[in-house]
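Quick notes on the structure that follows.
The numbers here are math on the coordinates, done by the rules we state, and not lab data. Nothing here was measured: the structure is a model prediction, and the numbers come from that model. Here the Cβ positions follow ideal geometry from the backbone for every residue, glycine too, while neighbour counts run over all protein chains shown.
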Amino acid sequence: LLQLSAPLFLLGMMYREVKQALTNMERLFGLLDERQDVQDAPGARPLKASRPSVSFESVRFGYDPRRQILHDLSFEIPAGGTVAVVGHSGSGKSTLARLLYRFYDVDGGRIAIDGQDIRQLTQASLRGAIAIVPQDTVLFNDSIFYNIHYGRPDASPEEVEEAARAAHIHDFIDCLPDGYQTQVGERGLKLSGGEKQRVAIARAILKNPGILIFDEATSALDSQSERAIQAELERIQVGRTTLVIAHRLSTVMNADQILVMDRGRIVERGTHAALLASGGVYAQMWRLQQSEAEREEAQQAH
Ligand code: ATP
């Protein structure tokens, strides 16, 4: 009995580990319990592209067939370029990221990486090529080392530390009594929003992906952390094809192209300067945010 139960026990443990990892992945996108299983197509091929371009081609999508969320949406992120998406809450920004990661398949049109329809790629190669820095990083109830290492399980401890340095979280970790072995998550040390996002950035740096999705935090970080994270992000973005889901306009100024979304449609697109000059929705949003920032500053000065 003992001989039989040991492998079964191990199997059970492995199952739980895998299940836990999947659960965490899904929680990154708030998709628990509602995820449809997207399967590899017969004959799916691995993605081959180190500096991939990404294109959305007449994409239509709804979570529920009775309610269309994205209407005939097209845009391209050239290899190594950055596209930022802005728009009101609920306009469909995060949905773009979920579709690119293929949590769902499109209902019409296609999403292609380097001209290859993502439905024809293996899930493993697609997801291996994309790193996501989510709005609200869910940490595993494990060590901080484990939480970064997860980005690339074959990385050495030196590489983990290097990634942590690049994400400006190493010094913080080094000062903790248990260093990298400190337990974090719901049952361990609680990290602040900014610290968690840095762990996610370290994970992404370690993964070294061709495509980066950055879902900016909606929760207000103090402006110093915001600037620091912004600077780190700009560094890791270099040479990677990047999709930024932006909640603050200050983040998008340097994007190659800004898409303004409204109810599942792109209503304006262009660079920051071009959009300001055209005096449309973006220019209006910008003025509004500027005056809000000025009001806040004035209040703080009092
Ligand atoms: P925010 O700025 O608030 O993050 P967003 O622009 O990213 O918003 P999405 O999260 O893409 O918006 O949501 C677009 C629409 O799709 C919303 O109306 C939302 O209610 C709906 N939606 C999002 N996720 C789901 C889901 N899992 N099931 C059903 N409807 C969903």
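Values for this structure:
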| quantity | calculated |
| --- | --- |
| Shape category assigned to the chain from the gyration tensor of Cα positions, a/c cut at 1.5 | oblate |
| Phi-based couplings in Hz for the range 120-129 (Karplus 6.51, -1.76, 1.60; Gly and Pro marked x) | 9, 9, 6, 4, 4, 6, 5, 6, x, 8 |
| Dipole of the range 90-132, positive end: most advanced residue of 108, 91, 123 [Cβ charges, Cα centre] | 91 |
| Interchain or long-range residues, amide H under 5 Å from residue 60's placed H | 72, 73, 107, 108, 109 |
| The range 139-147 - phi-based ³J(HN,Hα) in whole Hz, Karplus 6.51/-1.76/1.60, Gly and Pro as x | 8, 6, 6, 7, 6, 5, 4, 4, 5 |
| For the range 201-302, alpha-carbon Rg relative to the globular expectation (2.2 N^0.38 Å, N residues) | 1.19 |
| Neighbourhood net charge (10 Å Cβ-Cβ; Lys/Arg +1, Asp/Glu -1) for residue 184 | 0 |
| Of the GluC sites (Glu not before Pro) in the range 157-212, those whose Cβ has at most 14 other Cβ within 10 Å and which sit in DSSP loop | 186 |
| Amide H contacts under 5 Å for residue 82, placed H, 5+ residues apart | 242, 256, 257 |
| Separation of alpha-carbon centers, the range 263-302 and the range 193-208, rounded to whole Å | 28 |
| Average silhouette area of the range 150-268, convex hull of alpha-carbon atoms, in square nanometres | 8.9 |
| Relative contact order, percent, the chain [alpha-carbon distance under 8 Å, six or more residues apart] | 23 |
| In the range 43-94, the trypsin sites (Lys or Arg not before Pro) that fall in loop regions by DSSP, at most 14 other Cβ within 10 Å | 48, 66 |
| Antiparallel content of DSSP bridges confined to the chain, in %, to 5 | 50 |
| In sequence order, calculated HN-Hα J values of the range 149-159 (Karplus, 6.51, -1.76, 1.60; Hz; x Gly/Pro) | 4, 3, x, 8, x, 9, 6, 7, x, 5, 5 |
